[in-house]
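Just so you know, all these numbers are worked out from the coordinates, no wet-lab data involved. Only a predicted model underlies this, so the values are computations on that prediction, with no experimental measurement involved. Positions of Cβ are generated from backbone atoms using ideal geometry, with glycine treated the same way; all protein chains shown enter the neighbour counts.
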Ligand SMILES: *Cc1c(COP(=O)(O)O)cnc(C)c1O
């Protein structure tokens, strides 16, 4: 079950927040001849790098493209293994398959829902080249432990921070903890460019390679339009999208403040409902709230959870089952031989998560409506047993 589609959505799962200034920024680009490869992309890259605290930023047309370029820039290829999490959006594993390398999943930490560092070392083999960790639901992975393991075994680290723009770990912004990281600007993320993403890194060589590969393999400087130094792609972000990104990024503080406020309202209303576990926030962690995902207690089954989502849809409330484990997607089962039971913690968590409607301008009375109906749905599901 995925999004439950209904004709009567009163409260959607997510909703982009586009201001008048955002629209004007897009229109102003349309009044110039620079719709792509122009000054807005450069400005966006500079501003993102500055915000994250990274030396380099390379804008691309999606975080998925960015992950692919990082895998290539690190030279990961057929025969190599990359250790990663099964509890994520599918891109974080697909990017490894793009280059015919093998994603090796390890189970997650039941609190942070991120890759569990304690499970990593036993999965390392001679073929392991990298660890790709995800800051799931904006909660930073345990980067100090991951960095220690990577150093000890001489592995590369990759950060999928697509959900964590503005999150912090030990006072440092997500995106910064690996050889290279990605952020996403898809419409449901903290800020949007329509479609878009960025690679952030302190490594000049990785930045240069990614910039070139995103632009058809052209050299970065003194490039002739029809000279291609290496195999490249068209993964460019346009200046139209970049202008929207610049305008949105200028509001990031206010956006995170609003999202934190909505999360707090949910916490207050849901914390005391029996059967509901509100999102965990670890010590030394700041969350930028991509989504608000609750978990049901062990008394509820996957079927109960799906029924609850269906009941909520009937009330006009759109919820979702973020995430279905990646190792249980059909082509992963087939290609890599994973099955139900392979990663019990991930599966137990995944069976009981519900993403609730969550966006900047969600009102208190809407949060109240969601909480009220959730309480009813939980009670009714149990009555039906
Ligand atoms: C959204 C997301 C992506 C993909 O981002 P796109 O910009 O849509 O390609 C990758 N990884 C995670 C964890 C995500 O949530």
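Once both labels are modelled 7 Å past Cα along the beta-carbon direction, what's the residue 335-residue 98 spacing in nm?
With each label point 7 Å from Cα toward Cβ, the separation is 1.2 nm.
For segment 1-86, what does the alpha-carbon gyration tensor say about shape, rounded, prolate or oblate, given a ≥ b ≥ c as the root eigenvalues, a/c under 1.5 as rounded, and a/b over b/c as prolate?
Judged from the Cα gyration tensor, segment 1-86 comes out oblate (a/c at least 1.5, b/c at or above a/b).
Run the numbers for residue 272 and residue 144: contour at 0.36 nm per residue of separation, minus the present Cα-Cα distance, in nm.
The span from residue 272 to residue 144 would gain 42.8 nm if fully extended.
Over the Cα atoms of segment 63-117, what is the Rg over Rh ratio if Rh follows Kirkwood?
Ratio of gyration radius to Kirkwood radius: 0.99.
I need the fraction of alpha carbon pairs in segment 25-64 separated by more than 16 Å, rounded to a whole percent.
Of all Cα-Cα distances in segment 25-64, 44 percent exceed 16 Å.
Based on a Kirkwood Rh over C-alpha pairs, give the Stokes-Einstein translational diffusion coefficient of segment 1-160 at 25 °C and viscosity 0.890 mPa s in µm²/s.
133 µm²/s
Using 1/(1 + (r/R0)^6) with R0 = 25 angstrom and r between the beta carbons of residue 372 and residue 111, what's the FRET efficiency to the nearest 0.05?
0.35
Using alpha carbons only, how many angstrom separate the centre of segment 37-72 from the centre of segment 246-269?
Segment 37-72 and segment 246-269 have Cα centres spaced 23 Å from each other.
How large is log10 of I(q)/I(0) for segment 227-385 at q = 0.10, 0.16, 0.18, 0.20 Å⁻¹ when the intensity is taken from the Debye formula with one equal scatterer per alpha-carbon?
Those come out to -0.52, -1.01, -1.13, -1.23, one per q.
Report Rg/Rh for segment 92-206, rounded to two decimals, where Rg is the Cα radius of gyration and Rh the Kirkwood radius.
0.95
Compute the normalised compactness of the chain: alpha-carbon radius of gyration over 2.2 N^0.38 Å, N being the residue count.
Normalised Rg, Cα atoms only: 0.99.
So if we plug the beta-carbon distance of residue 310 and residue 222 into 1/(1 + (r/R0)^6) with R0 = 56 Å, what FRET efficiency do we get, rounded to 0.05?
Efficiency at R0 = 56 Å is approximately 0.40.
Obtain the nm distance between the two label points defined at residue 250 and residue 383 by a simple spin-label model: each point lies 7 Å from its Cα along the Cα-to-C-beta direction.
Modelled inter-label distance: 5.3 nm.
Using alpha carbons only, how many angstrom separate the centre of segment 346-376 from the centre of segment 150-222?
Their Cα centres are 30 Å away from one another.
Hey, what number do you get for the chain at 222 nm if only DSSP H runs of n ≥ 4 count, each worth -39500 (n - 2.57), divided across all residues, to the nearest 500?
After summing the helix terms and dividing by residue count, I get -11500 deg cm²/dmol.
Calculate the spin-label point distance for residue 31 paired with residue 302, positioning each point 7 Å from the Cα along the beta-carbon direction, and give it in nanometres.
About 5.5 nm, to one decimal.
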